[in-house]
Each structure stands twice: as C-alpha cells, then as structure tokens.
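Each value in this text was obtained by applying a stated rule to the coordinates, not by laboratory testing. Worth saying up front: this structure is predicted, and the values here are computed from it rather than measured. Glycine also receives a Cβ, built like all others from the backbone with ideal geometry; neighbour counts cover every protein chain displayed.
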Amino acid sequence: MSDTKKWMTLFILAALILFIYKVSAILTPFLVAAILAYLTNSWVVLLQKLHLGRTSSAIIVFLVLFGLFIVSLIFIIPALEQQMLNFIQSLPNIIARIKDLILPWAVQHFSLNLDFQDNAWQSTVQNTLQAHWKQAGQYIPGIFKTFAGSGLAVIGFFTSLVLTPVVLFYLLRDWERMLQAIHVLIPRRIEPVALRLLKECDAVLSGFLRGQLLVMMGLGVLYSAGLSLFHINWALLIGVIAGLLSIVPYLGFTVGLISALIAAFFQFHDWMHLLYVLLVFVVAQSIEGALLTPYLVGDRIHLHPVAVIFAVLAGGSLFGFFGILLALPVAAVIMVFVRHLRDRYIDSTLYAKDAV
C-alpha cells in the first residue's frame, strides 16, 4: 500500500470516529436496535428454515420482543417503582438510626465534635437527602416529569421511543441483505483474511453478548430471590441494580452486597440477617463463577477484568450511555484484530531469530 493510500485510509478512519463522536447523542436508539437485531437475527434465520419468508419471520421475532417489553412494563417496573417509593419513605427512619447508632460510635472513635442536642444538622441532612432521593425515586415512575423541563428532551425521548422499534424491524428484515452489500464492497485481494476476521468477530460478539446478558439476568434473579427468601427490604431493586452492574467485574457484587447489608441492618438491627445477606451473595457468586460464566460466556472476549473496567469507563466518558453500550463489543472486536496482528508479527522476519 502506497503512502497516499495509507494516509487516505487513516483520514477516513479519523473522519468516521469524529462523525460518531459528534452524533453520539442521537445514536442510542440506532445502537440499541442494532444490538437487538444482531442478537435475534438467528431467531429469524431459524424461522426461515421452517419455510417462512424473511419479512414474516422478522414480524414474528419483533412481536416476541415487543411482548417481552410489555410484560416487563406490566410486572417488573411497577414492582421496582413501589420498592423505590418504600425506600424513600424509609429515609427518615434510616437517618434517625444513623443518629442513634453510627454517629455516637463515630464521635467516640474519631473525636468528632457534634452537639446531639442540636437537631439543626439532622434536619439539614434529612431534608437534603430526602430532596435528592425523591428526585432519584421519581425517575422511574415519573420519567415524563423528568423530561418536562425541556421541550427538546421530551421530543428526543419520544423520538427514541418510536425510532428504536422502527429501526429494529427494518434491521431484522434486511439484515442478511446488508451483510451481503458489505461483503461485495470488500476488496478481493483481502477478502479471505477479511472474511475470516469477520467470522471470528461474529463468533466472539454473538457468544459474549448473549452470554453476558443471560449472566446479568441470572445474577439479578439469584440476588433478588435470595434476598426475598430472607425478607430483606428492596430485594428486587437491589437484585436488578446488582445484576445490571455485573457487566463490570465485581462491581455488581460489591454494590449489591453493600446495599443489601445496609438494608438488612436498618431493617432487622441484628447480625444474623447480615450473615444471611452475605450467604446469598457468596452462593450467587459461586453459581456465577462455576456455572453461569463458564457455560454462557466462557473466555470469548479474552480481556482482563481491569481492561473490561477501563473499556466501560472510557466508553462512558467519551460517548456517554452510547459508549457504555458499545465499550465491550468494540473491545471484543479490537482483541480479534490484536490477536491477528500478533500472529502476523510472530510469523514475520522481524520476530524470527535468524532475521537480519
């Protein structure tokens, strides 16, 4: 490849990255639709093998996904909303408990100078926490109120809400056609290597994404069910949050465990329920390590946990929610190309022992 072609390729890549960065705020519905289409394209292909047309198969898969979304809205969201409201209502009791137990201990061990007869500080802390937590609690049941202050935000939210399923349907219907169009554009000279790398990327991505989603759902169910078994308040809320955060190694476990321990302590005021919470998370983590991750995810992405954390944080910092969604898939693809370059380097004369 000549120097001109190399610079042109670098320019095109830089322009593409800059374009993605500039339009990242509007890419979320397209990205969500693309991920869903990618993960469920195999369902469409399976229905096609049953002698259904591509459009008919896409409609059936789309209706299944839409039905799952409606079921989650009917059963899961109201339960999460109720637990969030219960948590907000419990804040005054939690604050009072902190005053009675934790603050005296802090004063004794850290020589703090606080006047417990003066409740001005308590009122200030309580009002501040309640104000912020009420705002956070209104996010789920009052998402429309959250966006009411900005006309553009309302328009953007409804646009995403409508655009995602529309884009999803067209991607499901035309997925194979788009892949074929991309295949035609691959230069013939590099076609064998490009197809091999694309197939490897597809195997890594599909296996990792499907497996990771199932692991997150499994952990959410295990955490919620285990905490509910011991009657811990906000079990579903804690389980869902811990399950979602488990995409980052140990983050879901840490956040969920700390939250559940705090909830159990303020609910039962004994050490036995803290042991129950610890038991739930240890058992769930053992199941995840011994069964869920090995069988559902395996070692497809070949990324160290520190690299996974860095990828998620870097994606969120650069592109926001869009970047968080894209971080691990991009990292998985990059690793495929890194391994390819490593193999080429090992086979090169530069690496060979007898190279001049």
If you rank Thr164, Thr55, Thr40 by fewest surrounding Cβ atoms within 10 Å, what's the result?
-> Thr55, Thr164, Thr40
Per-peptide average of other Cβ atoms within 10 Å, ordering 281-292, 332-343, 213-224 highest first | 213-224, 281-292, 332-343
What are the ³J(HN,Hα) values, in whole Hz, obtained from phi via the Karplus relation 6.51 cos²θ - 1.76 cosθ + 1.60 with θ = phi - 60°, for each residue of the stretch 51-57 in sequence order, with x given for Gly and Pro?
-> 6, 9, x, 4, 5, 4, 5
Between Leu185 and Val330, the FRET efficiency computed from the C-beta separation at R0 = 22 Å comes out, to the nearest 0.05, as 0.55
Taking placed amide H atoms and a strict 5 Å upper bound, the residues 5 or more places from Leu52 or on another chain that come that close are none
The stretch 16-23 - phi-based ³J(HN,Hα) in whole Hz, Karplus 6.51/-1.76/1.60, Gly and Pro as x | 5, 5, 5, 5, 4, 5, 5, 9
Describe numerically, in nm with one decimal, the distance between label points set 7 Å from Cα along Cα→Cβ at Phe310 and at Phe337.
-> 1.7 nm
Site Asn93, offset 7 angstrom along Cα→Cβ, radius 13 Å on amide nitrogen, limited to the stretch 220-249, gives 232-234
Can you give the FRET efficiency for Asp270 and Leu52, using 1/(1 + (r/R0)^6), R0 = 45 Å, r = Cβ-Cβ distance, to the nearest 0.05?
-> 0.15
Between Leu261 and Leu229, what is the spin-label point distance in nm, taking each point 7 Å from the Cα along the Cα→C-beta axis?
-> 2.1 nm
Mind giving me the FRET efficiency for Phe66 and Arg344? R0 is 41 Å, r the Cβ-Cβ distance, nearest 0.05 is fine.
-> 0.35
